Amino acid sequence: MREVFWIPLGRVGYREVLERQRRLHELRRLNKVPDLVLSLEHNPVITLGRSADPRHILADPLALEAAGVEVVTVERGGDVTYHGPGQLVLYPILNLRGWQRSIKWYIRALEEVMLKVAASYGIQAKRVPSRPGIWVGNEKLGAVGVYVRGWITMHGLALNVDLVPDGFRWIVPCGIHGAGTTSIATLVGREISMAEVSARVRAAFAEVFGVQVRVRDPTGLEVMAR
């Protein structure tokens, strides 16, 4: 069975991981590192994808700066989104030639991972046509935004576990006016640990992608990346 290395990074700054992704993406293209997934939480950050409208950032730039919220433009698809504590983020660095050469298939696979995790909590989430991610009613529970070049992937998914603070108030999420956001903790009415959700996400990823997941210490990542 194909193996994917799972690298837990804890809570890290966005720009730091963005540069690491870009380096690993190039190394994966050169076949110098294996397929892997970076698993983490971010410090508060607002990111703008390739089709982002800056007007979808609602907060004043000075207020964001005072709150310690970065604003970063990136190469992923999509509009404006927020990442922060209490949100589980996965950045798979995969060679899709080992699965399907289809970005549509890949996005649906990432959505399926989140749908399985939501279902494990009794949450009936769903896909909504033309709105990547997973939804409960008109509220977004998980987002997908990817970048694929040479069939090597970057960026990925973000699943709302227990957001504190809920930084989505600073933006129009994904540029969709009138849509809200929610979290697993909100929907089940209790605190949810990130470790618990991370374990379920690993299991769901292994099932959906048909791989064996091997957890690897982050220091091993630096060895691979040299």
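The values are calculated or read from the model by the stated rules, or taken from the named source; none is laboratory data. This is a predicted model, so every value here is computed, not measured. Counting neighbours? That spans all protein chains shown, and the Cβs are built from the backbone with ideal geometry, glycine included.
Residue count for region 80-119, restricted to those that are farther than 22 Å from residue 193 by Cα, in contact (Cβ under 8 Å) with a residue 24 or more places away in the chain and charged (D, E, K, R): 2.
Within region 188-207, the residues that satisfy the criterion of being under 16 Å from residue 158 (Cα atoms) and not in a helix (DSSP H, G or I) are 192, 193. Take the conditions surrounded by 15 or more Cβ atoms within 10 Å (Cβ to Cβ) and at pLDDT 90 or above and apply them to residue 37. Does it pass? Considered against the rule, which asks whether it is surrounded by 15 or more Cβ atoms within 10 Å (Cβ to Cβ) and at pLDDT 90 or above, residue 37 comes out as yes. Residues that are touching a strand residue (DSSP E or B) at 6+ places or on another chain (Cβ under 8 Å) and charged (D, E, K, R) were ranked within region 1-18; the one that is nearest to residue 36 (Cα to Cα) is 3. In region 48-63, the qualifying residues are those that are out of contact with any Ser or Thr (no Cβ under 6 Å at 6 or more places or on another chain) and crowded, with 20+ Cβ neighbours inside 10 Å, and the one that is farthest from residue 12 (Cα to Cα) is 52. Against the numbered list (1) assigned to a helix (DSSP H, G or I); (2) under 21 Å from residue 56 (Cα atoms), residue 185 comes up short only at (2). With a requirement of 1 or more residues that are of a type in the set (Ser, Thr, Tyr), the strands (runs of 3 or more DSSP E) lying completely within region 40-149 that satisfy it span 45-48, 70-73, 80-83, 87-93, 139-149.
When you look at residue 15, is it among the basic types (Lys, Arg) and under 15 Å from the mean Cα position of the chain (by Cα), yes or no? Spelling it out, residue 15 is indeed among the basic types (Lys, Arg) and under 15 Å from the mean Cα position of the chain (by Cα).
Taking region 1-30 as the range and being within 25 Å of residue 210 (Cβ to Cβ), assigned to a helix (DSSP H, G or I) and touching a Ser or Thr at 6+ places or on another chain (Cβ under 9 Å) as the test, the residues that pass are 25, 28.
When each of 179, 204 is tested for being at pLDDT below 85, in contact with a helix residue (DSSP H, G or I) (Cβ under 7 Å, 6 or more places away or on another chain) and of a type outside the set (Val, Ile, Thr), the lone residue that passes is 179. Has region 117-131 got at least one residue that is closer than 29 Å to residue 24 by Cα, modelled with pLDDT of 95 or more and out of contact with any helix residue (DSSP H, G or I) (no Cβ under 6 Å at 6 or more places or on another chain)? No, there is no match, as no residue in region 117-131 is closer than 29 Å to residue 24 by Cα, modelled with pLDDT of 95 or more and out of contact with any helix residue (DSSP H, G or I) (no Cβ under 6 Å at 6 or more places or on another chain).
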